[in-house]
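Remarks on the structure that follows.
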Amino acid sequence: MKYGLIMLNGPTPGAGVSIAPDVEEVTLGRDGARDLPVDDDHCSRLHSRIWFDSQRWQIEDCGSSNGTFVNSRRIERAMLRPGDVIRIGETLIVFAREHDAHEPHWQARRLASSTFMMRVSEPSEQPAFTEKLLDAGDGLARSVAVLCQLAQNLQQQDNRDTIIRLVSDSIAEVTKADTVTIWLTGSDGRLNAVGGRNMSAELNEVPVFASLALENNEAMLVQNGAVQPESPDGTDTHLPYSTDMIISVPVPGRVERYGAIECGRTSSHGPLTQDDLHVVIAIANQTGLALESFDHRERLQMANQQLRTAVHGQHRMVGDSPAIRHLFDTISRVGPVNSTVLIKGDSGTGKELVARMIHEANPRHAGPYIPINCAAFSESLLESELFGHEKGAFTGADQRRTGQFERAHTGTLFLDEIGEMSAACQARLLRILEKHPFERVGGSESIQVDVRVLAATHRNLPELVSSGHFREDLYFRLRVIEIQIPLLHERGDDVLILAEHFLHHFLRQIGRGPRSFSAEATQTMRSYSWPGNVRELKNAVERAVVLSQSHEVQVADLGLPSNNTLGPAEGALVSLAVAEQQHIMTVLARVGGNKTQACKVLGIGRGTLYKKLQEYTAAGKSETDATS
């Protein structure tokens, strides 16, 4: 099969050269001895060359001063396909497939006859087109109406195919065109026919007029009187286009042109006029705005999705042990439904993280997610925090306050340390879970909310129910679904995976520190019992990144007690009460006596901690008195 290089502009539009795969190469340049001489001041004597490499056509710039461009992109070497437009200086050359030795030349030769061109204005000059239409008289009144309707319709669209269809229909209506083709530039710089009316295969193959309009940023009206190509025997050949008149207009964008609009009409419907050209230009500008708006919306949606993915990634548990995989499977089943969930686990195991993952897996993830630590508030303050209060409800209530249940409407409310909630709050919470309305503290207005409640505790709720400290009906209402989070030392090598995760996290955050763990540190982390679970591990790694002076984290950098390892404890067996006391005192020692930090690690309220310390002090005093 033969191919052709055809001049689209310059002194001899339509001139060209036929090439075949068996030709060694074709040269282009200002030198008259070249296979395709290019009469252009910006063209080098040997500008570029084209050849077939047994599989595809290639073009290469031969070190020219001003460069070779294919589909508006400067190239050193590139693959050529039929329909590609080569620009050398101001000269445009199309690479086309020849079904007949003369057939590809007819389109370019038409440009040398009665062709009207006009420069397309910048976006800031768009009103000039509307002025021209409005001043053109009653003959274009319908065109103006179609333009206004199209503008209104395009604003409501969020689908590219619908935009293309609306534009094609509007052009066909106002110009009475027989063919309409919308060309958009692909990622490779080539024009692709994406829609239209009565598009012909020949037109789609070599978009000469669309390429020329796009490259020159000029609107074109190719009218009757074009030179017809002739066959070798002198008889007229059949044109690939069945149309006698063609309009081709670039589709503008703020940064670069989106493509081109091409429409054609036979002489039986009368000539295409400059008024038709003005209308198509106006439609092309509306198309550019609509495509720009669509692309902007897509970018925003993509950025939003990436942000959600990033946020979701920040709230995912790390690990691959059987225990954690079972937890992930449970979350995937529980997340999409709206059932109440009770999350159980020791302090530092990640109860809030599980709650966040459940929220993100639910259709209401776009709604608010509000976590509340019930142990952080006194009885009266917790009631106000959850349900809100009216102005003057109690001393200090100088204005109305919206409660967290109201703020969490259509979203999720996470109640951490639910076991610390007072009896009065438990009663009000039970009514909300039973879908009853509630009132703010000191108010009478009934408030109905749609909130999914997730609750968590490290305490033994059945024991609290037995002792009368927790309502049995509320307990059963909360544990519609119960999730038990495994302890860190039950998760095997997840300890090492988490340690690596935290190490890289703090390295990015701090900007310096060790890059890995020593073999001894790895072994210590693997054998340590981690009574503070993931929270303790995270704190240990952060300490190591801050304090380590080596390229590896050493055992001493972690700050772990040397006698706390997995396996049977050495020495005398102790009661649960004594073990609890020892653990609390160990935590206090580790945090330097900071009771607020100790409460966070232990997962208990300050009141609970003070009560236990008083008990230990009283017990110690009694022992002293008994031995004195």
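What to note about this one:
- If R0 is 22 Å, the Cβ-Cβ spacing of LYS612 and VAL465 corresponds to a FRET efficiency of close to 0.55.
- Protection proxy ranking of 408-415, 325-332, 358-365, 52-59 - average other beta-carbon atoms within 10 Å, highest first: 408-415, 358-365, 325-332, 52-59
- Out-of-range pairs (alpha-carbon distance over 27 Å; input LYS435/LYS612; LYS351/LYS391; LYS435/LYS611; LYS351/LYS595; LYS344/LYS538; LYS391/LYS612): LYS435/LYS612; LYS351/LYS391; LYS435/LYS611; LYS391/LYS612
- Ordering of 285-294, 387-396 by packing [mean C-beta count within 10 Å, highest first]: 285-294, 387-396
- Ranked by how many other beta carbons lie within 10 Å on average, peptides 522-530, 605-613 from highest: 522-530, 605-613
- Annotation note: GluC sites (Glu not before Pro) in segment 1-64 located in DSSP loop regions with a Cβ neighbour count of at most 15 within 10 Å are GLU24, GLU25.
- Qualifying trypsin sites (Lys or Arg not before Pro) in segment 394-470, DSSP loop, other Cβ atoms within 10 Å at most 14: ARG400, LYS435
- The modelled label-to-label distance between ILE497 and GLU24, using points 7 Å beyond Cα along the C-beta direction, is 6.4 nm.
- Fully extended contour minus Cα-Cα distance, from THR410 to ASP35, at 0.36 nm per residue: 127.8 nm
- Segment 320-464 - Debye-derived log10 I(q)/I(0), Cα point model, q = 0.17, 0.20, 0.22 Å⁻¹: -0.97, -1.27, -1.45
- Full-stretch length increase - ARG254, SER444 - with 0.36 nm per residue and alpha-carbon distance subtracted: 62.7 nm
- DSSP bridge pairs, segment 37-89: antiparallel proportion in percent, nearest 5: 100 percent
- Protein accessible area in segment 405-515, 1.4 Å probe - carbon and sulfur %: 47 percent
- Rounded FRET efficiency, nearest 0.05, which uses the C-beta distance separating VAL144 from ALA366 and R0 of 56 Å: 0.85
- Pairwise FRET efficiency - VAL194 versus ALA376, Cβ, R0 = 60 Å, nearest 0.05: 0.55
- One chain, two ends: ASP161 and ARG299. Fully extended at 0.36 nm per residue, the span grows by 47.9 nm beyond their Cα-Cα distance.
- Computed across segment 426-584, the Kirkwood hydrodynamic radius from all distinct Cα-Cα pairs reaches 19.6 Å.
- Each label was represented as a point 7 Å from its Cα along the Cα-to-Cβ direction; for SER516 and ARG77 these points are 4.0 nm apart.
The values are calculated or read from the model by the stated rules, or taken from the named source; none is laboratory data. Everything quoted here is computed from the prediction, not taken from an experiment. Don't worry about glycine lacking a Cβ; one is built from the backbone with ideal geometry, like all the others, and counts go over all protein chains shown. All accessible areas refer to the heavy atoms of the entire protein, side chains included, with ligands and DNA or RNA removed. Shrake-Rupley method; radii C 1.70, N 1.55, O 1.52, S 1.80 Å.
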